[in-house]
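This report concerns only the one structure given below.
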């Protein structure tokens with residue numbers, strides 16, 4: 001009986017681990033990539049995984065891109 005409980009617990013923990021790892025991979029992507037942003041406003045892309053990249057002079061306009 002204990003063996004059945006341990007197997008069930010192991011399957012549950014493995015499934016939970018795989019779901020969390022999948023969510024972490026998706027979280028690294030920038031959800032607002034390709035949208036216009038302003039470098040004068042802090043965090044104008046809306047997330048720590050995004051960065052506002054300048055599109056030339058003047059340095060205010062840019063496009064949100066993923067950090068990695």
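Nothing in this text is a laboratory measurement; each read-out follows from the coordinates by a stated rule. Because the structure is predicted, anything quoted here is derived from the model rather than measured. Every residue, glycine as well, gets a Cβ built from its backbone with ideal geometry; the counts of neighbours run over all protein chains shown.
Sorting check: for 2-15, 39-52, which peptide has the highest mean count of neighbouring beta carbons within 10 Å, and how do the rest follow?
39-52, 2-15
If R0 is 35 Å, what FRET efficiency do you get for residue 13 and residue 43 from their C-beta distance, rounded to 0.05?
On the way: r = 36 Å, r/R0 = 1.02.
So the FRET efficiency works out to roughly 0.45.
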